[in-house]
Protein chains: 2
Amino acid sequence: MPTTSLVATAPPPARHAARATRSAGRRTRSALLDAAARLFRERGLADVSLSDIAAAADAFPSQVTYYFGSKEALFVEAACRDVLHAAAEVEAAGRRTRTRDAYARRLTAVALQSPAVPAFAEALLLARRRDDLRPLIARTLDRLHAEGARAVAERCLAQGWRLNAPPEAVARAFWATVLGIALESGGAGDAFDLHAAHAAVLATLSTTPPRRP
Amino acid sequence: MPTTSLVATAPPPARHAARATRSAGRRTRSALLDAAARLFRERGLADVSLSDIAAAADAFPSQVTYYFGSKEALFVEAACRDVLHAAAEVEAAGRRTRTRDAYARRLTAVALQSPAVPAFAEALLLARRRDDLRPLIARTLDRLHAEGARAVAERCLAQGWRLNAPPEAVARAFWATVLGIALESGGAGDAFDLHAAHAAVLATLSTTPPRRP
């Protein structure tokens, strides 16, 4: 079974036919991942079957298990890929702001709006009871924190802003709080005070000493 | 079907037989909730059936649906009850500390060790796709935040500590971060940097202006 990786690696030298097969394999794998991500987003893990995913990618159910091992492993891989894409969108949105406050507000709003965040939360819960799914989760969290730390450090350096904590700690606190708030908001629905919740995420991005009450 | 409530209400006046029936009903309901909470903790939602719960409480599967509506509703009610118990334990642990640092560290450690937190995270995810489960989630979050705000305000007043944010905001940030970190830690397993994660929760309880890096 192919191993999953966040980083595409160059194929080793091979004959044309083998290369074509591998290339077709990569296309099938990628099509399955795209189809699965869309179906999971629309219906949730429990209401999507291997056959649904295969049909949507014009493939066979056995190909899903060949490339990913299980529906749950496919779900986790899609969720990990999507949360890293969401993080890139958060970073890009932040670059379009000009003040510290606008930067923190934009990062918070874009992260909390992303459907990738609750999906990643579900992947985290799944991996809790599945040893085989944890390594990818651990790598994804490392990358989320490292990229977040780099992004916030770059931005603060460029703008002359000073953070109240090391960039790595800021990135960790930001994503943990975003995960918690996204879960709370989804679970409580309209009754949830999203304004008060935003403040909790904003606090993780604080660039000046907080005022005393 | 009986409505679910976080607060026990006194029964209205009634004849002895009716009272005895209601009292037996309350005992059955409570036994089912206890049995379900234990089974869910041991095996997770997916691997526990209505029959398992009924058998463990010496009841019939039809009684589970009569009292709770569905397995998912029972799971959410058990998770909400348990997270409020965990919050009371966090508060009690905090009262046994004497310094600001020890207080924050103790609250963080006890909250992150509680199995009730990931179970509540799973309940939040469930309610995301189930309108009927959201009102109890919303009430539980309100109570978690209100009790947390009261507890931290009382403790700071008694000790002469000053918070860096209003108590309500501190309680919200604390629980959101705890939820996020507990999810991350469970999903990534041993590879997770729990020390760095603790710092994110500690920051929500900050009682002095953080130092600049």
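The residues of chain A expose, per residue, 49 Å² of accessible area to a 1.4 Å probe. If the segment from A:S30 to A:S51 were pulled out straight at 0.36 nm per residue, it would be longer than the present Cα-Cα gap by 5.9 nm. The residues packed around A:E168, meaning those with a beta-carbon under 10 Å from its beta-carbon, carry a net charge of +1 if Lys and Arg are +1 and Asp and Glu are -1. Between A:R96 and A:R43, the FRET efficiency estimated from the beta carbon spacing at R0 = 25 angstrom works out to 0.15. Each helix, a run of at least 4 DSSP H residues, gives -39500 (n - 2.57); summed and divided by the residues of the protein assembly as shown, these come to -24500 deg cm²/dmol at 222 nm.
Sorted shortest first, the distances from the B:L194 label point to those of the same residue in the other copies are 3.5 nm; each point sits 7 Å from Cα along Cα-to-Cβ. In the context of the full protein assembly, A:R43 retains an accessible surface of approximately 100 Å², using a probe radius of 1.4 Å and ignoring ligands and nucleic acids.
Centre-to-centre separation between the Cα atoms of the stretch B:49-73 and those of the stretch B:80-96: 27 Å. Span-like helix criteria (full DSSP H runs; alpha carbon extent of at least 15 Å along the helix axis; mean Kyte-Doolittle hydropathy of at least 1.0) are satisfied in chain B by B:116-128, B:194-204.
Summing charges over all other residues whose Cβ lies under 11 Å from the Cβ of A:Q159, with Lys and Arg as +1 and Asp and Glu as -1, gives +4.
Between A:E147 and A:L84, the simple spin-label model (points 7 angstrom out along Cα→Cβ) gives 0.6 nm. In the protein assembly as shown, a dipole from Cβ-located charges (positive for Lys and Arg, negative for Asp and Glu) runs towards its positive end, and of B:W175, A:Q159, A:A55 it is A:Q159 whose Cα lies farthest in that direction. For a modelled paramagnetic label at B:H195, 7 Å from Cα along Cα-to-Cβ, the residues of the stretch A:135-158 in reach, with backbone nitrogen under 18 Å, are A:142, A:146.
Distance between Cα centroids, the stretch A:125-152 to the stretch B:123-157: provide it in whole Å. Going from one Cα centre to the other spans 27 Å.
The values are calculated or read from the model by the stated rules, or taken from the named source; none is laboratory data. Not measured: the values here are computed from a predicted model. When we count neighbours, we look across all protein chains shown, and the Cβ atoms used for this are built from the backbone with ideal geometry, even at glycine. Protein only, heavy atoms only, side chains kept; ligands, DNA and RNA dropped before computing areas. Shrake-Rupley method; radii C 1.70, N 1.55, O 1.52, S 1.80 Å.
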